[in-house]
Amino acid sequence: MLDTDFFRRWMAATAAAVDREADRLTELDAAIGDADHGSNMRRGFAAVNDVLGKEAPRTPGTVLTLAGRHLISTVGGASGPLYGTLLRRTGKALGDATEVTPDQLADALGAGVAAVTQLGGAQAGDKTMLDALLPAVEVLGTSFEAARDAALAGALGTVPLRARKGRASYLGERSIGHQDPGAASSALLVGALAEAAGPTEGGGE
Amino acid sequence: MRMLINVPETVVADGLRGLAAAHPDLVVDVDNRVVVRRDAPVAGKVGLVSGGGSGHEPLHAGFVGPGMLSAACPGEVFTSPVPDQMVRAAAAVDSGAGVLFVVKNYTGDVLNFDMAAELAEDEGVQVARVLVDDDVAVSDSTFTAGRRGTGATLFVEKIAGALADEGAPLERVEAMARRVNESARSFGVALSSVTTPAKGTPTFDLPSGELELGIGIHGEPGRERRPMMTSGEIADIAVHAVLEDLRPVGPVLVLVNGMGATPLLELYGFNAEVQRVLSERGVTVARTLVGNYVTSLDMAGCSVTLCQVDEEMVRLWDAPVQTPALRWGR
(Lines give C-alpha, C1' and ligand atoms only; values in the text may rest on other atoms or scores of the structure.)
Protein backbone atom coordinates (compact mmCIF):
# COMPACT_ATOMS: atom_id res chain seq x y z
CA MET A 1 0.00 0.00 0.00
CA LEU A 2 1.06 3.56 -0.72
CA ASP A 3 0.51 6.01 2.11
CA THR A 4 0.55 9.80 2.29
CA ASP A 5 4.24 9.77 3.07
CA PHE A 6 4.94 7.92 -0.15
CA PHE A 7 3.20 10.68 -2.13
CA ARG A 8 5.19 13.35 -0.34
CA ARG A 9 8.39 11.45 -1.15
CA TRP A 10 7.22 11.24 -4.79
CA MET A 11 6.81 15.00 -5.02
CA ALA A 12 10.13 15.62 -3.23
CA ALA A 13 11.92 13.19 -5.54
CA THR A 14 10.36 14.92 -8.57
CA ALA A 15 11.46 18.31 -7.27
CA ALA A 16 15.00 17.01 -6.76
CA ALA A 17 15.09 15.45 -10.24
CA VAL A 18 13.75 18.60 -11.88
CA ASP A 19 16.30 20.68 -9.99
CA ARG A 20 19.12 18.35 -11.04
CA GLU A 21 18.02 18.24 -14.68
CA ALA A 22 16.79 21.84 -15.07
CA ASP A 23 19.65 22.86 -17.35
CA ARG A 24 19.11 19.86 -19.61
CA LEU A 25 15.36 20.61 -19.83
CA THR A 26 16.14 24.21 -20.75
CA GLU A 27 18.65 23.08 -23.39
CA LEU A 28 16.02 20.77 -24.91
CA ASP A 29 13.57 23.66 -24.88
CA ALA A 30 16.09 26.02 -26.49
CA ALA A 31 16.26 23.71 -29.49
CA ILE A 32 12.55 23.76 -30.30
CA GLY A 33 10.90 26.17 -27.86
CA ASP A 34 11.97 29.22 -25.93
CA ALA A 35 14.54 27.99 -23.44
CA ASP A 36 12.67 28.21 -20.17
CA HIS A 37 11.18 24.78 -19.39
CA GLY A 38 13.86 23.89 -16.84
CA SER A 39 13.64 27.13 -14.90
CA ASN A 40 9.83 27.12 -14.95
CA MET A 41 9.57 23.56 -13.68
CA ARG A 42 12.23 24.18 -11.04
CA ARG A 43 10.31 27.22 -9.77
CA GLY A 44 7.05 25.22 -9.72
CA PHE A 45 8.29 22.16 -7.88
CA ALA A 46 10.25 24.29 -5.40
CA ALA A 47 6.90 25.91 -4.56
CA VAL A 48 5.30 22.46 -4.25
CA ASN A 49 8.03 21.35 -1.83
CA ASP A 50 7.48 24.50 0.16
CA VAL A 51 3.75 24.14 0.52
CA LEU A 52 3.86 20.41 1.28
CA GLY A 53 6.23 21.22 4.14
CA LYS A 54 3.95 23.92 5.48
CA GLU A 55 0.50 22.43 5.08
CA ALA A 56 1.16 18.73 5.75
CA PRO A 57 -1.78 17.26 3.80
CA ARG A 58 -3.13 14.07 5.33
CA THR A 59 -4.18 11.96 2.34
CA PRO A 60 -2.48 10.94 -0.92
CA GLY A 61 -5.20 12.75 -2.83
CA THR A 62 -4.64 16.07 -1.06
CA VAL A 63 -0.87 15.84 -1.54
CA LEU A 64 -1.43 15.75 -5.28
CA THR A 65 -4.28 18.27 -5.53
CA LEU A 66 -2.27 20.73 -3.43
CA ALA A 67 0.81 20.15 -5.59
CA GLY A 68 -1.23 20.60 -8.76
CA ARG A 69 -2.81 23.80 -7.58
CA HIS A 70 0.59 25.27 -6.74
CA LEU A 71 2.05 24.28 -10.09
CA ILE A 72 -0.80 26.14 -11.80
CA SER A 73 -0.07 29.19 -9.62
CA THR A 74 3.68 29.29 -10.14
CA VAL A 75 4.86 27.67 -13.38
CA GLY A 76 3.13 29.68 -16.12
CA GLY A 77 3.37 28.84 -19.80
CA ALA A 78 1.66 25.69 -21.01
CA SER A 79 3.46 23.52 -18.46
CA GLY A 80 1.71 25.12 -15.47
CA PRO A 81 -1.86 24.25 -16.46
CA LEU A 82 -0.88 20.90 -17.97
CA TYR A 83 1.22 19.60 -15.07
CA GLY A 84 -1.12 21.22 -12.57
CA THR A 85 -4.12 19.53 -14.12
CA LEU A 86 -2.30 16.20 -14.28
CA LEU A 87 -1.60 16.16 -10.54
CA ARG A 88 -4.87 17.78 -9.46
CA ARG A 89 -7.00 15.33 -11.40
CA THR A 90 -4.88 12.38 -10.30
CA GLY A 91 -5.32 13.53 -6.72
CA LYS A 92 -9.06 13.97 -7.12
CA ALA A 93 -9.36 10.47 -8.58
CA LEU A 94 -7.67 9.05 -5.48
CA GLY A 95 -10.49 10.41 -3.34
CA ASP A 96 -10.25 10.46 0.46
CA ALA A 97 -8.35 7.20 0.91
CA THR A 98 -5.48 7.34 3.39
CA GLU A 99 -3.67 4.52 1.56
CA VAL A 100 -3.94 3.37 -2.03
CA THR A 101 -2.72 0.37 -4.01
CA PRO A 102 -0.37 0.73 -6.97
CA ASP A 103 -3.30 -0.29 -9.18
CA GLN A 104 -5.43 2.52 -7.79
CA LEU A 105 -2.58 4.93 -8.43
CA ALA A 106 -2.32 3.64 -12.00
CA ASP A 107 -6.05 4.23 -12.55
CA ALA A 108 -5.91 7.68 -10.98
CA LEU A 109 -2.88 8.72 -13.03
CA GLY A 110 -4.75 7.47 -16.07
CA ALA A 111 -7.57 9.88 -15.19
CA GLY A 112 -5.00 12.67 -14.77
CA VAL A 113 -3.47 11.93 -18.15
CA ALA A 114 -6.94 11.88 -19.73
CA ALA A 115 -7.58 15.36 -18.30
CA VAL A 116 -4.28 16.57 -19.79
CA THR A 117 -5.26 15.11 -23.15
CA GLN A 118 -8.54 16.96 -23.03
CA LEU A 119 -7.02 20.27 -21.90
CA GLY A 120 -4.17 20.35 -24.39
CA GLY A 121 -6.01 18.66 -27.23
CA ALA A 122 -2.94 16.58 -28.10
CA GLN A 123 -2.74 12.92 -29.03
CA ALA A 124 -0.04 10.28 -28.86
CA GLY A 125 2.66 11.08 -31.41
CA ASP A 126 2.17 14.86 -31.35
CA LYS A 127 5.57 15.22 -29.62
CA THR A 128 4.29 16.28 -26.19
CA MET A 129 4.42 15.12 -22.55
CA LEU A 130 1.73 12.56 -23.44
CA ASP A 131 4.29 10.55 -25.38
CA ALA A 132 6.01 9.78 -22.07
CA LEU A 133 2.90 9.60 -19.86
CA LEU A 134 0.63 7.36 -21.95
CA PRO A 135 3.05 4.38 -22.18
CA ALA A 136 3.95 4.83 -18.50
CA VAL A 137 0.35 4.65 -17.35
CA GLU A 138 -0.16 1.50 -19.38
CA VAL A 139 2.48 -0.46 -17.44
CA LEU A 140 2.23 1.33 -14.10
CA GLY A 141 0.24 -1.56 -12.64
CA THR A 142 3.19 -3.88 -13.34
CA SER A 143 5.92 -1.94 -11.52
CA PHE A 144 7.22 1.58 -11.04
CA GLU A 145 10.45 0.55 -12.77
CA ALA A 146 8.51 -0.57 -15.83
CA ALA A 147 6.67 2.74 -15.85
CA ARG A 148 9.92 4.68 -15.52
CA ASP A 149 11.47 2.76 -18.42
CA ALA A 150 8.36 3.19 -20.56
CA ALA A 151 8.29 6.94 -19.89
CA LEU A 152 11.99 7.27 -20.71
CA ALA A 153 11.56 5.29 -23.91
CA GLY A 154 8.54 7.40 -24.78
CA ALA A 155 10.48 10.62 -24.20
CA LEU A 156 13.36 9.43 -26.35
CA GLY A 157 10.81 8.32 -28.92
CA THR A 158 9.76 11.95 -29.43
CA VAL A 159 13.12 12.72 -31.10
CA PRO A 160 12.12 11.67 -34.64
CA LEU A 161 8.59 13.10 -34.35
CA ARG A 162 7.28 16.32 -35.85
CA ALA A 163 5.66 18.59 -33.25
CA ARG A 164 1.99 19.33 -33.77
CA LYS A 165 1.22 21.12 -30.50
CA GLY A 166 2.76 23.93 -28.52
CA ARG A 167 5.41 26.34 -29.63
CA ALA A 168 7.57 23.66 -31.24
CA SER A 169 4.79 23.09 -33.77
CA TYR A 170 5.77 26.34 -35.49
CA LEU A 171 9.05 24.76 -36.48
CA GLY A 172 7.33 22.09 -38.56
CA GLU A 173 9.92 19.77 -40.10
CA ARG A 174 12.67 21.50 -38.15
CA SER A 175 11.28 20.17 -34.87
CA ILE A 176 12.36 16.68 -35.99
CA GLY A 177 15.55 15.41 -34.36
CA HIS A 178 15.01 17.01 -30.95
CA GLN A 179 13.56 15.47 -27.79
CA ASP A 180 10.41 17.14 -26.50
CA PRO A 181 11.22 18.90 -23.20
CA GLY A 182 7.75 18.18 -21.76
CA ALA A 183 8.14 14.48 -22.44
CA ALA A 184 11.58 14.63 -20.80
CA SER A 185 10.23 16.27 -17.64
CA SER A 186 7.30 13.83 -17.55
CA ALA A 187 9.80 10.99 -17.57
CA LEU A 188 11.39 12.57 -14.48
CA LEU A 189 8.01 12.68 -12.72
CA VAL A 190 7.35 9.01 -13.46
CA GLY A 191 10.93 8.03 -12.61
CA ALA A 192 10.52 9.69 -9.22
CA LEU A 193 7.82 7.12 -8.36
CA ALA A 194 10.43 4.37 -8.32
CA GLU A 195 12.72 6.57 -6.23
CA ALA A 196 9.94 7.27 -3.73
CA ALA A 197 9.24 3.57 -3.41
CA GLY A 198 12.87 3.04 -2.44
CA PRO A 199 15.48 0.63 -3.80
CA THR A 200 14.44 -2.27 -1.55
CA GLU A 201 10.77 -2.13 -2.30
CA GLY A 202 11.21 -2.79 -6.00
CA GLY A 203 7.83 -2.63 -7.62
CA GLY A 204 6.42 -0.36 -4.99
CA GLU A 205 4.52 -3.05 -3.14
CA MET B 1 26.52 38.52 -22.00
CA ARG B 2 25.99 42.28 -22.09
CA MET B 3 22.73 42.95 -20.28
CA LEU B 4 21.67 45.80 -18.05
CA ILE B 5 20.37 43.51 -15.31
CA ASN B 6 21.13 42.45 -11.74
CA VAL B 7 20.42 38.73 -11.86
CA PRO B 8 18.15 36.83 -14.28
CA GLU B 9 15.75 35.85 -11.46
CA THR B 10 14.71 39.45 -10.70
CA VAL B 11 14.55 40.88 -14.23
CA VAL B 12 10.75 41.04 -14.33
CA ALA B 13 10.32 42.40 -10.80
CA ASP B 14 13.08 45.00 -11.33
CA GLY B 15 11.42 46.14 -14.55
CA LEU B 16 8.07 46.49 -12.81
CA ARG B 17 9.58 48.54 -9.99
CA GLY B 18 11.03 50.88 -12.58
CA LEU B 19 7.73 51.07 -14.45
CA ALA B 20 5.99 52.03 -11.20
CA ALA B 21 8.53 54.76 -10.49
CA ALA B 22 8.13 56.24 -13.96
CA HIS B 23 4.34 56.05 -14.15
CA PRO B 24 2.52 57.09 -10.98
CA ASP B 25 -0.80 56.86 -12.83
CA LEU B 26 -0.41 53.07 -12.77
CA VAL B 27 -0.82 50.79 -9.77
CA VAL B 28 1.99 48.26 -10.05
CA ASP B 29 1.73 45.22 -7.78
CA VAL B 30 5.28 43.90 -8.14
CA ASP B 31 4.79 40.81 -5.94
CA ASN B 32 1.67 39.62 -7.69
CA ARG B 33 2.69 40.92 -11.14
CA VAL B 34 -0.38 42.94 -11.93
CA VAL B 35 -0.41 46.43 -13.48
CA VAL B 36 -3.68 48.36 -13.18
CA ARG B 37 -4.71 51.87 -14.21
CA ARG B 38 -4.98 53.94 -11.06
CA ASP B 39 -8.62 54.97 -11.53
CA ALA B 40 -9.88 51.38 -11.92
CA PRO B 41 -12.55 50.13 -11.67
CA VAL B 42 -14.20 52.82 -13.78
CA ALA B 43 -17.96 52.84 -13.17
CA GLY B 44 -19.98 51.35 -16.02
CA LYS B 45 -16.89 50.52 -18.06
CA VAL B 46 -15.91 47.09 -19.38
CA GLY B 47 -12.47 46.11 -18.07
CA LEU B 48 -9.87 45.17 -20.66
CA VAL B 49 -7.20 42.78 -19.37
CA SER B 50 -4.31 41.37 -21.30
CA GLY B 51 -1.02 39.75 -20.49
CA GLY B 52 1.64 37.42 -21.67
CA GLY B 53 5.28 36.66 -21.18
CA SER B 54 7.65 39.48 -20.31
CA GLY B 55 10.29 40.44 -22.87
CA HIS B 56 7.80 41.98 -25.31
CA GLU B 57 7.77 45.47 -23.78
CA PRO B 58 6.01 47.81 -24.04
CA LEU B 59 3.42 45.05 -24.64
CA HIS B 60 1.31 44.74 -22.41
CA ALA B 61 1.93 46.83 -19.30
CA GLY B 62 2.99 49.76 -21.48
CA PHE B 63 -0.52 49.85 -22.91
CA VAL B 64 -2.35 50.21 -19.59
CA GLY B 65 -4.22 53.46 -19.14
CA PRO B 66 -7.23 55.48 -20.27
CA GLY B 67 -8.24 54.56 -23.82
CA MET B 68 -6.55 51.17 -23.85
CA LEU B 69 -6.02 48.35 -21.32
CA SER B 70 -7.44 48.45 -17.79
CA ALA B 71 -4.83 45.99 -16.53
CA ALA B 72 -1.98 43.80 -17.65
CA CYS B 73 -0.36 40.65 -16.24
CA PRO B 74 3.30 40.16 -17.11
CA GLY B 75 4.60 36.60 -16.85
CA GLU B 76 8.19 35.44 -16.55
CA VAL B 77 10.32 36.16 -19.62
CA PHE B 78 8.58 34.55 -22.60
CA THR B 79 6.35 32.55 -20.23
CA SER B 80 2.65 33.23 -19.93
CA PRO B 81 1.38 34.61 -16.64
CA VAL B 82 -0.47 32.31 -14.21
CA PRO B 83 -4.25 32.34 -13.60
CA ASP B 84 -3.89 33.98 -10.17
CA GLN B 85 -2.55 37.15 -11.82
CA MET B 86 -5.42 37.34 -14.28
CA VAL B 87 -8.05 36.73 -11.62
CA ARG B 88 -6.57 39.52 -9.49
CA ALA B 89 -6.49 41.84 -12.49
CA ALA B 90 -10.08 41.02 -13.42
CA ALA B 91 -11.26 41.66 -9.87
CA ALA B 92 -9.39 44.98 -9.76
CA VAL B 93 -10.92 46.37 -12.95
CA ASP B 94 -14.43 44.93 -12.92
CA SER B 95 -17.05 47.57 -12.22
CA GLY B 96 -19.87 45.12 -12.76
CA ALA B 97 -19.84 45.62 -16.52
CA GLY B 98 -17.64 42.58 -17.12
CA VAL B 99 -14.10 41.98 -18.30
CA LEU B 100 -12.62 41.14 -21.69
CA PHE B 101 -9.45 39.03 -21.77
CA VAL B 102 -7.27 39.77 -24.80
CA VAL B 103 -5.24 36.59 -25.32
CA LYS B 104 -2.46 35.95 -27.82
CA ASN B 105 -2.67 32.54 -29.39
CA TYR B 106 0.08 30.64 -27.63
CA THR B 107 -0.74 27.39 -25.85
CA GLY B 108 0.39 28.71 -22.45
CA ASP B 109 -1.50 31.99 -22.68
CA VAL B 110 -4.66 30.24 -23.86
CA LEU B 111 -4.63 27.58 -21.12
CA ASN B 112 -3.87 30.01 -18.29
CA PHE B 113 -6.45 32.59 -19.40
CA ASP B 114 -9.06 29.81 -19.79
CA MET B 115 -8.44 28.69 -16.22
CA ALA B 116 -8.53 32.30 -15.03
CA ALA B 117 -11.85 32.94 -16.80
CA GLU B 118 -13.39 30.00 -14.98
CA LEU B 119 -12.05 31.15 -11.62
CA ALA B 120 -13.08 34.79 -12.16
CA GLU B 121 -16.59 33.70 -13.11
CA ASP B 122 -16.76 31.69 -9.89
CA GLU B 123 -16.09 35.00 -8.14
CA GLY B 124 -18.96 36.66 -9.97
CA VAL B 125 -17.05 38.51 -12.69
CA GLN B 126 -18.51 38.19 -16.17
CA VAL B 127 -15.65 37.32 -18.53
CA ALA B 128 -15.38 37.23 -22.32
CA ARG B 129 -12.29 36.26 -24.25
CA VAL B 130 -10.87 37.19 -27.62
CA LEU B 131 -7.99 35.29 -29.18
CA VAL B 132 -5.46 37.22 -31.27
CA ASP B 133 -3.99 35.10 -34.09
CA ASP B 134 -2.70 37.29 -36.88
CA ASP B 135 0.62 35.76 -37.93
CA VAL B 136 0.43 34.63 -41.56
CA ALA B 137 3.78 32.84 -41.30
CA VAL B 138 1.97 29.93 -39.64
CA SER B 139 -0.08 28.46 -42.44
CA ASP B 140 -1.01 24.85 -41.70
CA SER B 141 -2.91 25.25 -38.45
CA THR B 142 -4.04 21.61 -38.54
CA PHE B 143 -0.47 20.62 -37.80
CA THR B 144 0.42 23.44 -35.44
CA ALA B 145 -0.99 25.21 -32.42
CA GLY B 146 -2.52 27.70 -34.88
CA ARG B 147 -1.52 31.19 -35.91
CA ARG B 148 0.48 33.12 -33.35
CA GLY B 149 -0.73 36.40 -31.91
CA THR B 150 1.71 39.24 -32.61
CA GLY B 151 1.36 42.85 -33.82
CA ALA B 152 -2.43 42.81 -34.16
CA THR B 153 -2.59 42.68 -30.37
CA LEU B 154 -1.85 46.42 -30.32
CA PHE B 155 -4.69 47.18 -32.74
CA VAL B 156 -7.12 45.01 -30.76
CA GLU B 157 -6.16 46.60 -27.44
CA LYS B 158 -6.30 50.17 -28.77
CA ILE B 159 -9.56 49.93 -30.71
CA ALA B 160 -11.46 47.75 -28.23
CA GLY B 161 -10.03 49.88 -25.41
CA ALA B 162 -11.43 53.05 -26.96
CA LEU B 163 -14.84 51.43 -27.38
CA ALA B 164 -14.83 50.25 -23.78
CA ASP B 165 -13.96 53.80 -22.67
CA GLU B 166 -17.08 55.04 -24.48
CA GLY B 167 -19.12 52.79 -22.20
CA ALA B 168 -20.02 50.10 -24.74
CA PRO B 169 -21.31 46.86 -23.23
CA LEU B 170 -19.17 43.71 -23.02
CA GLU B 171 -20.75 42.00 -26.05
CA ARG B 172 -19.98 44.99 -28.27
CA VAL B 173 -16.41 45.39 -27.01
CA GLU B 174 -15.83 41.68 -27.51
CA ALA B 175 -17.33 41.73 -31.02
CA MET B 176 -15.17 44.72 -31.97
CA ALA B 177 -12.01 43.06 -30.62
CA ARG B 178 -12.82 39.96 -32.65
CA ARG B 179 -13.47 42.03 -35.76
CA VAL B 180 -10.13 43.83 -35.43
CA ASN B 181 -8.33 40.52 -35.08
CA GLU B 182 -10.10 39.05 -38.10
CA SER B 183 -9.17 42.16 -40.10
CA ALA B 184 -5.46 42.09 -39.19
CA ARG B 185 -2.46 40.06 -40.36
CA SER B 186 1.26 40.18 -39.57
CA PHE B 187 4.58 38.94 -40.86
CA GLY B 188 7.91 39.16 -38.99
CA VAL B 189 11.58 39.06 -39.96
CA ALA B 190 14.55 38.44 -37.68
CA LEU B 191 18.03 39.79 -38.39
CA SER B 192 19.46 38.30 -35.21
CA SER B 193 18.51 35.81 -32.52
CA VAL B 194 17.21 36.76 -29.13
CA THR B 195 19.13 36.24 -25.88
CA THR B 196 17.01 35.45 -22.83
CA PRO B 197 18.42 36.53 -19.44
CA ALA B 198 17.98 32.99 -18.07
CA LYS B 199 19.99 31.33 -20.83
CA GLY B 200 22.46 34.13 -21.47
CA THR B 201 23.35 32.97 -24.98
CA PRO B 202 21.43 33.39 -28.26
CA THR B 203 18.42 31.05 -28.47
CA PHE B 204 19.14 30.15 -32.06
CA ASP B 205 22.14 30.57 -34.27
CA LEU B 206 21.65 33.11 -37.04
CA PRO B 207 24.92 33.92 -38.78
CA SER B 208 25.40 37.53 -39.86
CA GLY B 209 24.63 37.76 -43.52
CA GLU B 210 21.47 35.71 -43.10
CA LEU B 211 17.94 36.52 -42.02
CA GLU B 212 14.99 34.46 -40.87
CA LEU B 213 11.59 35.05 -42.47
CA GLY B 214 8.30 34.45 -40.69
CA ILE B 215 9.49 34.58 -37.09
CA GLY B 216 7.36 34.81 -33.97
CA ILE B 217 8.16 36.91 -30.94
CA HIS B 218 9.93 34.34 -28.74
CA GLY B 219 13.04 33.73 -30.75
CA GLU B 220 11.45 30.73 -32.35
CA PRO B 221 12.90 30.31 -35.82
CA GLY B 222 10.64 31.19 -38.72
CA ARG B 223 9.55 29.59 -41.93
CA GLU B 224 12.74 29.99 -43.93
CA ARG B 225 16.26 31.33 -43.82
CA ARG B 226 17.72 33.45 -46.64
CA PRO B 227 20.82 35.48 -47.36
CA MET B 228 20.57 39.08 -46.14
CA MET B 229 18.50 41.42 -48.33
CA THR B 230 17.82 45.13 -48.61
CA SER B 231 15.05 46.82 -46.67
CA GLY B 232 13.06 47.15 -49.90
CA GLU B 233 13.34 43.44 -50.70
CA ILE B 234 12.26 42.51 -47.17
CA ALA B 235 9.28 44.88 -47.41
CA ASP B 236 8.27 43.24 -50.69
CA ILE B 237 8.25 39.79 -49.10
CA ALA B 238 6.58 40.81 -45.82
CA VAL B 239 3.84 43.01 -47.28
CA HIS B 240 3.04 40.55 -50.06
CA ALA B 241 2.77 37.72 -47.53
CA VAL B 242 0.29 39.77 -45.50
CA LEU B 243 -1.72 40.99 -48.49
CA GLU B 244 -1.95 37.51 -49.99
CA ASP B 245 -3.78 36.43 -46.84
CA LEU B 246 -5.71 39.58 -45.95
CA ARG B 247 -6.76 40.88 -49.40
CA PRO B 248 -8.04 44.20 -48.04
CA VAL B 249 -10.76 46.01 -49.98
CA GLY B 250 -10.66 49.22 -47.94
CA PRO B 251 -8.04 51.34 -46.20
CA VAL B 252 -5.62 49.78 -43.71
CA LEU B 253 -3.86 50.67 -40.49
CA VAL B 254 -0.13 49.98 -40.74
CA LEU B 255 2.10 48.96 -37.86
CA VAL B 256 5.80 48.81 -38.65
CA ASN B 257 7.10 47.24 -35.49
CA GLY B 258 10.67 46.86 -34.28
CA MET B 259 11.65 43.64 -32.52
CA GLY B 260 13.79 45.46 -29.95
CA ALA B 261 17.27 45.95 -31.37
CA THR B 262 16.61 47.69 -34.67
CA PRO B 263 17.03 51.48 -34.57
CA LEU B 264 14.17 53.80 -35.48
CA LEU B 265 16.17 55.15 -38.42
CA GLU B 266 16.03 51.68 -39.96
CA LEU B 267 12.37 51.20 -39.02
CA TYR B 268 11.38 54.49 -40.67
CA GLY B 269 13.38 53.55 -43.74
CA PHE B 270 11.63 50.20 -43.77
CA ASN B 271 8.27 51.96 -43.40
CA ALA B 272 9.05 53.97 -46.55
CA GLU B 273 9.46 50.67 -48.40
CA VAL B 274 6.27 49.24 -46.87
CA GLN B 275 4.33 52.30 -48.03
CA ARG B 276 5.86 51.94 -51.51
CA VAL B 277 4.71 48.31 -51.79
CA LEU B 278 1.22 49.18 -50.51
CA SER B 279 0.93 52.00 -53.01
CA GLU B 280 2.09 49.71 -55.83
CA ARG B 281 -0.62 47.28 -54.83
CA GLY B 282 -3.24 50.02 -54.70
CA VAL B 283 -3.82 49.74 -50.95
CA THR B 284 -4.86 52.97 -49.18
CA VAL B 285 -3.27 53.70 -45.83
CA ALA B 286 -5.49 55.24 -43.16
CA ARG B 287 -2.93 55.57 -40.34
CA THR B 288 0.64 54.40 -39.72
CA LEU B 289 2.46 53.66 -36.48
CA VAL B 290 6.24 53.06 -36.44
CA GLY B 291 8.21 51.96 -33.39
CA ASN B 292 9.11 49.20 -30.96
CA TYR B 293 5.76 47.99 -29.62
CA VAL B 294 5.66 44.19 -29.69
CA THR B 295 9.26 43.29 -29.13
CA SER B 296 11.33 40.21 -28.52
CA LEU B 297 14.05 41.28 -26.08
CA ASP B 298 17.21 42.11 -28.03
CA MET B 299 16.17 40.62 -31.34
CA ALA B 300 16.99 42.74 -34.39
CA GLY B 301 14.32 42.76 -37.04
CA CYS B 302 10.80 43.95 -37.63
CA SER B 303 7.26 42.95 -38.35
CA VAL B 304 4.51 44.44 -40.47
CA THR B 305 0.87 44.33 -39.38
CA LEU B 306 -1.97 45.52 -41.58
CA CYS B 307 -5.53 45.91 -40.36
CA GLN B 308 -8.38 46.63 -42.73
CA VAL B 309 -10.53 49.34 -41.16
CA ASP B 310 -13.87 51.10 -41.58
CA GLU B 311 -14.77 54.59 -40.35
CA GLU B 312 -15.71 53.44 -36.86
CA MET B 313 -12.42 51.63 -36.40
CA VAL B 314 -10.43 54.67 -37.57
CA ARG B 315 -12.42 56.87 -35.19
CA LEU B 316 -11.64 54.51 -32.31
CA TRP B 317 -7.98 54.37 -33.35
CA ASP B 318 -7.83 58.18 -33.26
CA ALA B 319 -9.57 58.36 -29.87
CA PRO B 320 -7.45 59.72 -26.99
CA VAL B 321 -5.13 57.28 -25.29
CA GLN B 322 -2.82 57.80 -22.32
CA THR B 323 -0.51 54.90 -21.56
CA PRO B 324 3.26 54.66 -21.03
CA ALA B 325 3.89 53.60 -24.63
CA LEU B 326 0.97 54.97 -26.62
CA ARG B 327 -0.28 58.44 -25.95
CA TRP B 328 -2.16 60.92 -28.08
CA GLY B 329 -5.20 63.20 -28.20
CA ARG B 330 -5.31 64.08 -24.53
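The values are calculated or read from the model by the stated rules, or taken from the named source; none is laboratory data. It should be emphasised that the depicted structure is a prediction, and the values quoted were computed from it without experimental measurement. Here the Cβ is made from the backbone with ideal geometry for all residues, glycine too, and neighbour counts use every protein chain on show. Surface areas here come from the heavy atoms of the whole protein model, side chains and all, with no ligands, DNA or RNA. Shrake-Rupley method; radii C 1.70, N 1.55, O 1.52, S 1.80 Å.
Numbers below:
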item	result
For B:Trp328, solvent-accessible area (1.4 Å; no DNA, RNA or ligand), Å²	70 Å²
Accessible carbon and sulfur surface of the protein assembly as shown relative to its total accessible area, %, 1.4 Å	51 percent
HN-Hα J in Hz across region B:187-192 - Karplus 6.51, -1.76, 1.60, θ = phi - 60°, x for Gly and Pro	8, x, 10, 10, 9, 8
Residue-normalised accessible area of the protein assembly as shown, given per residue in Å² at a 1.4 Å probe	37 Å²
Shielding by other protein chains, B:104-111, mean Cβ within 10 Å	6
Placed amide H near B:Arg129: partners under 5 Å, 5+ positions off or other chain	B:Phe101
1.4 Å probe, heavy atoms, protein only - residues of region B:60-96 losing at least 20 Å² accessible area vs chain alone	B:Glu76, B:Phe78, B:Thr79, B:Val82, B:Asp84
Residue-by-residue Karplus 3J(HN,Hα) for region B:87-103, coefficients 6.51, -1.76, 1.60, Hz, glycine and proline x	5, 4, 4, 4, 5, 6, 10, 6, 9, x, 8, x, 9, 10, 8, 9, 10
For A:Thr101, distant residues with modelled amide H under 5 Å away	A:Leu2
Accessible area (Å², 1.4 Å probe, nearest 10) - B:Val285	50 Å²
Partner chain coverage, peptide A:27-40 - average Cβ within 10 angstrom	6
Other protein chain Cβ atoms within 10 Å, averaged over every residue that makes up A:165-176	6
Helix-derived mean residue ellipticity, 222 nm - over chain B, DSSP H n ≥ 4, -39500 (n - 2.57), to 500	-10500 deg cm²/dmol
Cα centroid of region B:283-326 to Cα centroid of region A:22-51, whole Å	34 Å
Probe 1.4 Å, all protein chains present, accessible-area order of B:Thr203, A:Thr117, largest first	A:Thr117, B:Thr203
Positions from region A:100-138 whose accessible area shrinks by 30 Å² or more when the full protein complex is built, not the chain alone, probe 1.4 Å	A:Leu119
Solvent-accessible area buried by pairing B with A, both sides, nearest 100 square angstrom, 1.4 angstrom probe	2400 Å²
Solvent-accessible area of B:His23 with every protein chain in place, 1.4 Å probe, in Å² to the nearest 10	40 Å²
Partner lysines for B:Lys45 [C-alpha distance under 17 Å; skip if fewer than 8 residues away on the same chain]	B:Lys158
Residue-wise HN-Hα coupling along region B:26-32, computed from phi with Karplus coefficients 6.51, -1.76, 1.60 (Hz; x: Gly, Pro)	10, 9, 10, 8, 5, 5, 9
